[in-house]
Amino acid sequence: MASLHDIGRSWFVWLGLLLVGIGSEPRVAEGQALHYWVQVEGLSCPFCMAGLKKSFAKLPGVRDLSADFEARQLRFAVDSSVLLRPERVREAVADGGFTARALSVRLRGEAFRSADGSLRLRVEAGGARWTLRLRGGRAFGHLTRWVAGRARAVRLVGRLLRQRGSWTLRVDRAALEPWRERRREGG
Amino acid sequence: MRSRHAWGLVWTVGCCVLLCPVSVLGAPIGVRTAAPVHVGGGVLRLEVGWRYAARGPAPSFPVAHEATSFLTGMWGVGRRWALGAELGGAARWLSVRGPGGERLARRVLGAGDPAIFVRWMLLQHDARSGFVRLAAIAGTGIPLGAQRQADALGRLPPWQQPSEGVWSPWLEAVLTVQRTAWQLDLSGRATWRPGGVDWDPGEEARLDASWQYVLWRVPEMTEGVPGFLYGVLEGRMGWRGAHQGRLAPFRSGGTFASLLAGVQLAWEGHAVEVAARLPLRRPFGKHDTVAALAAWRFDL
């Protein structure tokens, strides 16, 4: 009777495992992908998702596209080495027959003040490195004051914008809530 | 009695509509829609149906059974443009009253007229609460189908042939309104059928309305995308001109109206649907027709 060791040495078992590995879709592990969501006006059609998936498949590094019909959002992950241009997402949605509004992303990086006094976010992921300008509403000042002159590790959520050739993250008000709370508590 | 059943159906479906306000988009079954077709891809729909006419368009054709099939495709060539084509076929079994009053069976089988059409999106207004789209469709039926089918009793009259034997251009406007709790497709269509001396089929103008609502939701039918079971209620009303010419039946044309009720299961890239159409009013005098159909549409 063949032992497990013998079976393991059989070349066809290894070939089978290799084929299974090739056939399966590689999943993006936590921390290796940037998570995006795009507001799609009128998104409500499960049938149409096939067309949207085909349009999004043409974008570099996009995976795990899912739909939230109640929130009218498409959610997806992108390889962390790619920062997706909002206009390309808008075009993919338009090719799928709908209209995209805001592209949002969750980013983790170091916030720091640049020489001109504006707040920036340095993101290093997947061997790539980007620096984004940070903007926000009224509560944004709490984050600016907290960063002060040091680089601080932050996790932010906001709308990704491409303005005059440079990247900007307009931070969501809800994402600034911890710094507002900190300010209230006198931290 | 039948009218009471029809109103009962309307009442039941109406209650379902009010009780199931879910924010998703279905697709009409017997009505064209201005819903999107993605660029560089298409939608194919295969329909098989059965129709029964209790009394035919002329006294010599009292009973008819008909099996039909349609293959309709639509291809998104741009964000505003889509091209479509339709192929159809029919098999009819007729019970004819002979000269002595006896019943004779007749049969006809063949391809119907293919049709081509183009859809142009005139208006697309997408908002968070839903969308409004208005599309214009222009198309024509092409007389390439079977026009000379015959059986043991000889050649059948032109209105019983699978092909109408004439070009039939049409213009159509489709309005699709989708809101948080419902979707409505409205369509108005005018068809011309310029015929010859012996056979000139009547023109047609009709209005269609389709209402779709959700009965049941499958949270994740394919990866990241839910599936939905819809109830669909559709109404059709219109007018058809009388057939003209030496080969035309002695009585034809008039107003018509029908009601369609069906269910549709839609998920990512696929939809299957079954429906029944009940006549409320038909042309050809007292020619009553009921129809049942099943269809499958899928994304290409």
message = Anything in region A:42-82 that is surrounded by fewer than 17 Cβ atoms within 10 Å (Cβ to Cβ) and within 10 Å of another protein chain (Cβ to nearest Cβ)? List them, or say none.
response = A:LYS58, A:ASP64, A:ASP68, A:GLU70, A:ALA71, A:ARG75
key: region B:240-267, residues that are farther than 22 Å from B:ALA292 by Cα and surrounded by fewer than 20 Cβ atoms within 10 Å (Cβ to Cβ)   = B:GLY241, B:ALA242, B:GLN244, B:GLY245, B:ARG246, B:LEU247, B:PHE250, B:ARG251, B:GLY254
message = With the requirement that a residue be out of contact with any strand residue (DSSP E or B) (no Cβ under 8 Å at 6 or more places or on another chain) and farther than 17 Å from A:ASP116 by Cβ, what does region A:146-176 give you?
response = A:ARG173, A:LEU176
ask   = Can you spot a residue in region A:92-105 that is crowded, with 18+ Cβ neighbours inside 10 Å, farther than 24 Å from B:ARG133 by Cβ and touching a residue at least 40 places away in the same chain (Cβ under 8 Å)?
value = yes
remark   = For region B:108-145 the number of residues that are of a type in the set (Lys, Arg) and surrounded by 15 or more Cβ atoms within 10 Å (Cβ to Cβ) is 2
message = So in region B:205-222, with the set limited to residues that are within 14 Å of chain A (Cβ to nearest Cβ) and free of Cβ contacts under 8 Å to residues at least 40 places away in the same chain, which one is surrounded by the most Cβ atoms within 10 Å (Cβ to Cβ)?
response = B:TRP216
message = Return the residues of region B:263-300 that are on the phi > 0 side of the Ramachandran plot and either at pLDDT 85 or above or in contact with a Cys (Cβ under 6 Å, 6 or more places away or on another chain) (or both); say none if nothing qualifies.
response = B:GLY269
key: Filter result for A:ARG85 (within 16 Å of the chain's Cα centre (by Cα), within 14 Å of chain B (Cβ to nearest Cβ) and either within 23 Å of B:HIS125 (Cα to Cα) or charged (D, E, K, R) (or both))   = no
query = If B:GLY202 passes every condition in (1) farther than 20 Å from B:ALA35 by Cα; (2) surrounded by fewer than 17 Cβ atoms within 10 Å (Cβ to Cβ); (3) more than 10 Å from chain A (Cβ to nearest Cβ) but one, which one does it miss?
reply = (2)
task = Test B:TRP267 against the criterion of being within 28 Å of B:GLY84 (Cα to Cα) and aromatic (Phe, Trp, Tyr), and give yes or no.
result = yes
message = Can you go through A:THR131, A:THR144 and tell me which one is in contact (Cβ under 8 Å) with a residue 24 or more places away in the chain, outside any strand (DSSP E or B) and either under 23 Å from A:ARG90 (Cβ atoms) or hydroxyl-bearing (Ser, Thr, Tyr) (or both)?
response = A:THR144
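The values are calculated or read from the model by the stated rules, or taken from the named source; none is laboratory data. Everything numeric here is computed off the predicted structure, so don't read it as measured data. We place every Cβ from the backbone using ideal geometry, glycine too, and count neighbours over all the protein chains shown.
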